[in-house]
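Below is one structure; the comments refer to it alone.
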Amino acid sequence: MRRTLLALLASLVLGTAAPAWAATDTQATDAGATGAQSAAEGAQGVVALLGVPGLRWSDLSARETPNLWKVAAESALGSLSIRTVGPVTCPYDGWLTVSAGIRSAVGYRCGLPPVPERRGAGAVIPDYGYLHAVAGQRHAGALGEALRAAGRCTAAIGPGGALALADRSGAVDVYLPSADGLTTASLGGCPVVAADIDDIARPYMAGGYIPREAEPVAPEARAAAVRAADAKAGAVLAALPPGATVLVAGLSDHGSVPHLRAAMLRAPGAAGHTLGTTSTRLDDVTIIPDITATLLHAAGVAAPPNVVGTPWAPGQDGTGPVQQAAGAFEDDDAAGQTIRNMLTGFFFGLAVLQVAFYLAAFVLMRRRKALGRVRTAAVALSSVPVASLLVNLVPWSAAGSPLLAHVGVIVAIAALIAAVALAGPWRRSPLGPLAVVAGITGCALAADLLTGTSLQLNSVMGYTAVVGSRYYGLGNIPFALLATGVLLTSTVVAHRLLERGRRTAAVAAVAVLGGIAMILGGWPGIGSDFGGVIAFIPGIAVTALMIAGRRVSLVKLAVFCVIGGVVVMAIAFLDYLRPPASQTHLGRFVGQVLTGEAIEVILRKLAAMIGTMANPILMPILIAAAVFLVYAVRHPGQASAGVVPAAFEHSPALRAGLVGTLVSGVVGMLVNDSGAAVLSMALALAVPLVIAAGVAALPSGGRETTGPLLPATPPVTPKPA
């Protein structure tokens with residue numbers, strides 16, 4: 001009873017959803033309840049998965065692929081993000097993920113799934129125990145085991161179908177090597193069918209493995225393979241009984257470049273709708289573990305606890321004609337590819353600009369020259385991160401050259417923000433431009449969290465469905481920008497309050513603004529950021545303590561980090577109490593703690609974090625900003641002509657905000673798998689803004705001078721006699 005009441009409370013408190021996926025969330029929750037009921041009442045009909053590894057929407061047409069085109073016209077349509085463990089998914093890993101219900105991989109460069117050995121009407125996958133004992137895939141066979149325990153017969157066509165439906169011993173009830181000569185009777189009356197149609201992927205395999213090239217097969221050969229796949233799909237569809245639920249999924253990549261793949265759900269009332277799930281919080285994007293959940297739901301079988309996906313559900317928005325929908329999905333893939341292709345170049349360029357800025361600023365400030373230009377450059381450089389998010393307010397992906405359009409719009413928006421920051425009446429205040437840039441950054445991200453995170457999706461600072469590391473909520477780098485923007489903005493407010501002698505109100509302003517941002521960033525279904533809450537609380541607390549005039553110690557800092565951990569686990573536990581279909585990864589992590597799987601997750605993220613420490617692009621940003629900041633504080637007259645100390649002297653609250661930002665950045669670096677990226681982006685935003693404030697706070701107001709701007713040591717005030 002207590003758990004029921006807690007679950008009801010949690011569902012009421014946490015029942016928030018971004019408008020873009022609110023209907024999908026409700027449908028998936030209802031689907032979970034219906035699935036549990038039907039598990040007791042028996043199967044509701046036949047459900048079939050047609051896995052076509054490598055299938056893209058651009059492969060389909062009414063003329064070349066009439067069978068799949070007909071299914072598409074009768075189905076809810078979407079994109080399938082096929083990310084498993086590595087950046088590229090081979091057919092073996094795709095089918096294995098369907099089997100396990102969680103992202104899985106064989107553990108080495110892979111290709112097609114193994115060919116089963118016939119055993120009567122069924123088959124057994126050879127050396128299946130390898131997956132459990134050696135490859136560490138403890139959940140392999142979860143789908144087949146759940147179906148067998150519920151008394152559901154399974155029929156597999158092809159090696160991939162057998163891998164998907166095999167139980168933990170590697171066995172399936174009915175096995176057919178291919179769709180050739182397939183009839184309804186061949187399926188043995190089994191209600192769950194999985195067909196491996198590998199004609200597209202097979203020509204790409206090099207020596208049995210997924211190729212290292214992007215497109216090693218000629219377009220004409222691919223077109224022929226697509227036609228062959230469509231013919232086999234037609235044979236499977238013809239053998240299914242009328243009214244069967246059909247899933248079509250392009251389960252893998254075909255080369256070294258990941259893509260979004262085609263996904264279709266043919267079911268009553270699905271035609272003309274988008275296809276999404278609560279796993280992605282997107283109306284038109286699903287993931288492979290969702291296929292596992294969908295098959296189990298359609299078969300009337302409750303999903304095992306390890307299955308992280310949720311059933312596919314038609315969205316509210318219509319897709320229009322198939323050709324129009326396919327074009328839109330291909331545009332989404334192209335947008336993701338554009339971001340993926342420009343990531344290295346963008347961050348390399350940002351690193352070069354950051355390092356060049358600090359070197360130039362060091363030289364110019366030592367010579368007491370062009371300080372106004374240093375301030376302008378600092379404000380412009382700090383405007384780039386938020387501009388890389390606001391670019392998604394413009395339809396850049398529709399341009400003839402999306403990459404050039406994307407970069408051009410970022411530059412234009414950054415220039416506009418810098419112009420506003422330096423041109424308004426607030427420019428006369430040393431903290432004015434800082435408040436504008438930090439305020440725009442914090443407000444943009446807060447608004448994005450409240451409206452479905454469309455700014456972060458397909459953003460160089462955010463994430464893409466093509467890469468598949470995150471689909472909604474607050475990403476690791478956006479967390480760094482949100483924390484930095486909010487903390488610096490709150491310190492500007494605190495500065496004004498301190499000028500009026502209202503210290504308590506100044507502390508409250510930091511706590512309230514920081515607390516609101518922290519809740520948005522960590523709340524399930526909004527920010528859903530685990531590590532961000534842990535890192536944000538110490539930053540807020542340190543900033544507030546320093547503004548209050550209190551001493552900050554390592555013991556207090558450790559206590560704040562512990563509090564952050566407790567708070568995020570409490571939020572995650574409330575999320576865990578919700579129905580499985582409504583949980584985010586926060587709630588699922590609690591489930592992993594209870595099943596003992598959390599250690600694997602933590603170790604994997606720890607390894608990823610450590611790996612970022614050797615990143616040749618991110619580390620220069622971090623090192624250059626940190627060295628400049630430390631040297632400027634310790635040697636104010638030599639390094640920066642007193643610019644940084646002038647900023648702190650003008651506003652002690654700014655010093656508190658910067659220290660709080662550094663604390664959040666360091667903790668965020670340690671608890672997030674993005675590691676160094678978190679701290680480097682926090683510094684990339686904060687340090688140039690502090691320099692801009694310091695230039696304006698100098699006695700000369702940033703104008704060029706030949707005399708000393710600020711003594712290296714503070715003047716000594718004579719004691720009264």
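The values are calculated or read from the model by the stated rules, or taken from the named source; none is laboratory data. For clarity, every value in this text was computed on a predicted model and none was experimentally measured. Reconstructed Cβ throughout: ideal geometry from the backbone, glycine too, with neighbour counts over all protein chains shown. The accessibility values were calculated without ligands, DNA or RNA, using every heavy atom of the protein model including side chains. Shrake-Rupley method; radii C 1.70, N 1.55, O 1.52, S 1.80 Å.
Yes/no per residue for (1) buried (at least 24 other Cβ atoms within 10 Å of the Cβ); (2) closer than 30 Å to R502 by Cα:
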residue	(1), (2)
L416	no, no
V436	yes, yes
G439	no, yes
M461	yes, no
G473	yes, no
L487	yes, yes
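Being touching a residue at least 40 places away in the same chain (Cβ under 8 Å), open to solvent by less than 10 Å² (accessible area, probe 1.4 Å) and either in contact with a helix residue (DSSP H, G or I) (Cβ under 6 Å, 6 or more places away or on another chain) or not aliphatic (A, V, I, L, M) (or both): is that true of G188 here?
no
With respect to (1) open to solvent by 10 Å² or more (accessible area, probe 1.4 Å); (2) part of a strand (DSSP E or B), the lone exception for A194 is condition (1).
Among the residues making up the stretch 284-325, those that are in contact with a His (Cβ under 9 Å, 6 or more places away or on another chain) and open to solvent by 10 Å² or more (accessible area, probe 1.4 Å) are A303, P304, N306, V307, V308, P311, W312, P314, Q316, D317, G318, T319.
When the stretch 619-641 is examined, which residues are found to be outside any helix (DSSP H, G or I) and either at pLDDT 75 or above or not hydrophobic (A, V, I, L, M, F, W, C) (or both)? Before you say what the answer is, go through the steps one by one.
The initial filter retains those residues of the stretch 619-641 that are outside any helix (DSSP H, G or I), namely 635, 640-641.
Across the stretch 619-641, the qualifying residues are H635, S640.
Residues in the stretch 43-95 that are more than 21 Å from the chain's Cα centre (by Cα), among the small types (G, A, S) and either within 14 Å of F329 (Cβ to Cβ) or open to solvent by 10 Å² or more (accessible area, probe 1.4 Å) (or both): 9 in all.
For the stretch 587-626, a residue qualifies if it is touching a residue at least 12 places away in the same chain (Cβ under 8 Å) and of a type in the set (V, I, T), and the qualifying residues are V590, T595, V601, I610, T612, I617, I621.
For beta carbons closer than 8 Å, sequence separation of 6+ or different chains, a first residue in the stretch 220-232 that is farther than 8 Å from D199 by Cβ and a second that is β-branched (V, I, T) and open to solvent by less than 40 Å² (accessible area, probe 1.4 Å), the qualifying pairs are R222/I200; R227/T65; D230/T65. Considering only residues in the stretch 127-136 that are in a loop (DSSP other than H, G, I, E, B) and more than 18 Å from V174 (Cβ to Cβ), the one that is least open to solvent (accessible area, probe 1.4 Å) turns out to be A135. Consider the stretch 215-268 and keep the residues that are in a helix (DSSP H, G or I) and basic (K, R). The one that is surrounded by the most Cβ atoms within 10 Å (Cβ to Cβ) is K232.
Yes/no matrix, rows are residues, columns are (1) of a type in the set (A, V, I, L, M, F, W, C); (2) more than 30 Å from A302 (Cβ to Cβ); (3) part of a helix (DSSP H, G or I):
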residue	(1), (2), (3)
L147	yes, no, yes
A162	yes, no, yes
G189	no, no, no
P203	no, yes, yes
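Only one entry of V644, V663 meets the criterion of being closer than 20 Å to I547 by Cα, surrounded by 15 or more Cβ atoms within 10 Å (Cβ to Cβ), touching a Gly at 6+ places or on another chain (Cβ under 7 Å) and modelled with pLDDT under 85, and that entry is V644. Being within 30 Å of A570 (Cβ to Cβ) and open to solvent by 30 Å² or more (accessible area, probe 1.4 Å) is the requirement here; does V627 meet it? Criteria not met by V627.
Return yes when S528 is of a type in the set (S, T, Y), in contact with a Leu (Cβ under 7 Å, 6 or more places away or on another chain) and over 28 Å from W426 (Cα atoms) and no when it is not. Considered against the rule, which asks whether it is of a type in the set (S, T, Y), in contact with a Leu (Cβ under 7 Å, 6 or more places away or on another chain) and over 28 Å from W426 (Cα atoms), S528 comes out as yes.
Considered as a group, the residues in the stretch 441-457 that are among the polar types (S, T, N, Q) and open to solvent by 30 Å² or more (accessible area, probe 1.4 Å) include one that is farthest from V486 (Cα to Cα), and that residue is S454. Within the stretch 508-551, the residues that satisfy the criterion of being in contact (Cβ under 8 Å) with a residue 40 or more places away in the chain and assigned to a loop (DSSP other than H, G, I, E, B) are W523, P524, G525, I526, G527, S528, D529, A548, G549. Here W312 clears all of (1) out of contact with any Cys (no Cβ under 7 Å at 6 or more places or on another chain); (2) within 17 Å of A164 (Cα to Cα) except the condition numbered (2).
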